[in-house]
1. Calculate the spin-label point distance for residue 49 paired with residue 77, positioning each point 7 Å from the Cα along the beta-carbon direction, and give it in nanometres.
2. Which trypsin sites (Lys or Arg not before Pro) in region 5-53 sit in a loop by DSSP (not H, G, I, E or B) and have at most 14 other Cβ atoms within 10 Å of their own Cβ?
3. With charges only on Cβ, +1 for K and R and -1 for D and E, what is the dipole size of the chain about its Cα centre, in debye, rounded to 20?
4. Between 68, 14, 36, where does the largest GNM mean-square fluctuation fall for the chain, given springs only between Cα atoms within less than 10 Å?
5. Would you mind getting the Kirkwood hydrodynamic radius of the chain from its Cα pairs, rounded to one decimal in Å?
6. Straight-line reach from residue 75: which aspartates and glutamates have Cα under 20 Å away, leaving out those fewer than 8 places along the same chain?
Amino acid sequence: MEKPVKTPGEAIKLVVAAWRLAGPFFASIEVWMMVLVSAATVGGIFLAAMGDVRSLVAIGFALGYLVLRPVLHIKGILSWPFL
C-alpha cells in the first residue's frame with residue numbers, strides 16, 4: 001500500500017501519472033462510441049418522457065449501435081477485445 005498524499009504537489013503528480021496511464025484507454029474509438037451511445041440513450045429517454053418525436057432518432061441511434069458494433073468487429077475495423 002502506498003503512503004498517503006500529504007501535499008498538493010504530490011496530489012497533482014499522482015493525478016498526472018494516472019492520466020498518462022489512462023491515455024490509451026481514452027484514445028480508443030470504442031470508448032467514445034460508448035459515451036456517444038450513452039448520451040443518445042439518456043437523451044432519447046428524456047425526449048420520450050417529454051413526448052418529443054426526436055426521441056425515436058436518439059433511441060434508434062443507440063439500437064443501431066448494438067447492430068453496428070459486431071459488424072465492425074467482424075470486418076476488422078474494431079478489434080477484439082472490446083477495449
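1. For residue 77 paired with residue 49, the spin-label model returns 3.3 nm.
2. Details: sites: 6, 13, 20; in loops: 6.
Here the trypsin sites (Lys or Arg not before Pro) that fit, given the DSSP loop and packing criteria, are 6.
3. Details: 7 positive and 4 negative charges, 40 e Å.
The calculation lands at about 200 debye.
4. 14
5. One decimal place: 15.8 Å for the Kirkwood radius.
6. Filter leaves 30.
Any read-out appearing in this document is the output of simple, stated calculations on the displayed coordinates, not a laboratory observation. Just so it is clear, the structure is predicted and the values come from calculations on it, not from any experiment. Positions of Cβ are backbone-derived with ideal geometry, glycine not excepted, and every protein chain shown enters the neighbour counts.
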